[in-house]
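The structure appears right after this line, and notes come after that.
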Amino acid sequence: MDIRKFLPLIFLGALLLLGFSMCGTFNTTVVKDENVKKAWSQVENQYQRRADLIPNLVNTVKGYADFEQETLRSVVEARANATSVNIKADELTPENIQRFEAAQTALSGALSRLLVTVERYPDLKANENFLDLQKQLEGTENRISVERKKFNETVQDYNQYIRKFPTSLYAGIFGFSPRGYFQASAGAEKAPEVKF
């Protein structure tokens, strides 16, 4: 029995095995990439929910004529800036996510200043519309936190997968690259100082 007759079949079999391996890896990577995109859209949905609540909150507060206009203006400007920073799911680099997060952090800061300022207005604090909007904002902040956590977990799963051998070889060939994570804002490790 001459083994040379079977070399073309062995070679063809090896090529088929490699091809099936590449197809399986590619398909799994596509699924994980789509999961990252889906998780990102959920993060964006929650940030959009917060942005949609802000005009109602500002209009409720505007009803109090002596309310600090500068505080309201900073919230409106921060909202406009935050909603202008959009990142496509294919561009989730650490730099882009950091830029997005910086705009959202500025909005969070403006909202915090607004809510602290409200403490000086007992009538406003008792207003049903304001209380409802405040509860909705708190709920939205919790949802944002949950979706960011899910996003980071999905990105971790994707990044780990494309960095493993032999997937790392195929990922580079097919143009799959690591995605960025949400990270804590600078100074987040320090507890806020509360003064009365």
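Only the coordinates and a few stated rules stand behind these numbers; no lab work does. None of the values given here were measured: they were computed from a predicted structure. Here the Cβ is made from the backbone with ideal geometry for all residues, glycine too, and neighbour counts use every protein chain on show.
How charged is the neighbourhood of Thr167? Take every other residue with its Cβ under 13 Å from the Cβ of Thr167, and add Lys/Arg as +1 and Asp/Glu as -1.
Working: positive: Lys32, Arg163, Lys164; negative: Asp33, Asp157.
Around Thr167, the surrounding residues sum to +1.
Using packing as a proxy for protection, rank 105-116, 13-24 so that the peptide with the highest average count of other Cβ atoms within 10 Å comes first. Before the final figure, lay out each step's value.
Values: 105-116: 17.2, 13-24: 11.1.
Output ranking for 105-116, 13-24: 105-116, 13-24.
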- Task: Sort 97-104, 172-179 for me by packing, meaning the mean count of neighbouring Cβ atoms within 10 Å per residue, highest on top.
- Result: 97-104, 172-179
- Task: Report relative contact order for the chain in percent, whole number only (criteria: Cα-Cα under 8 Å, sequence separation at least 6).
- Result: 32 percent
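Please report, in debye to the nearest 20, how large the charge dipole of the chain is about its Cα centre when each Lys and Arg carries +1 at its beta carbon and each Asp and Glu carries -1 there. The partial results should precede the final answer.
On the way: 25 positive and 24 negative charges, 140 e Å.
Magnitude of the dipole: close to 680 debye.
Mind ranking 118-125, 51-58 by how tightly packed they are, going by the mean number of other C-beta atoms within 10 angstrom, highest first? Show your work: numbers first, answer last.
Numbers: 118-125: 13.2, 51-58: 17.4.
Per-residue Cβ counts within 10 Å, averaged per peptide and sorted highest first, yield 51-58, 118-125.
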- Message: Just to be sure I understand: with springs between alpha-carbon atoms less than 10 Å apart, which residue in Glu153, Glu91, Glu128 has the highest mean-square fluctuation in the Gaussian network model of the chain?
- Response: Glu128
- Task: Could you give the size of the charge dipole of the stretch 44-141 about its Cα centre, using +1 on the Cβ of each K and R and -1 on the Cβ of each D and E, expressed in debye and rounded to the nearest 20?
- Result: 100 debye
- Item | Descending principal axes extents, the stretch 44-141, alpha-carbon based, whole Å | 47, 24, 17
- Message: Restricting to DSSP H runs of at least four residues, report the calculated mean residue ellipticity at 222 nm for the chain, -39500 (n - 2.57) per run over all residues, nearest 500 deg cm²/dmol.
- Response: -26500 deg cm²/dmol
- Message: If you fit an axis through the alpha-carbon atoms of helix 7-62 and take the longest principal axis of the Cα set of the chain, what angle between them do you get, 0 to 90°, nearest 10?
- Response: 0 degrees
- Note on the structure: The helix 128-163 Cα axis meets the longest alpha-carbon principal axis of the chain at an angle in degrees, between 0 and 90 and rounded to 10, of 20 degrees
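Of Lys125/Lys149; Lys88/Lys164; Lys62/Lys125; Lys37/Lys149; Lys32/Lys164, which pairs sit farther than 22 Å apart, going by alpha carbon to alpha carbon? Don't jump to the answer; show the numbers that get you there.
Numbers: Lys125/Lys149 32 Å; Lys88/Lys164 26 Å; Lys62/Lys125 13 Å; Lys37/Lys149 14 Å; Lys32/Lys164 14 Å.
With Cα atoms farther than 22 Å apart: Lys125/Lys149; Lys88/Lys164.
Quick check: convex hull of the Cα atoms in the chain, volume per residue, rounded to a whole Å³? It would help to have the intermediate numbers written out before the result.
Values: hull volume 24.6 nm³, N = 196.
Taking only Cα atoms, the chain has a hull volume of 126 Å³ per residue.
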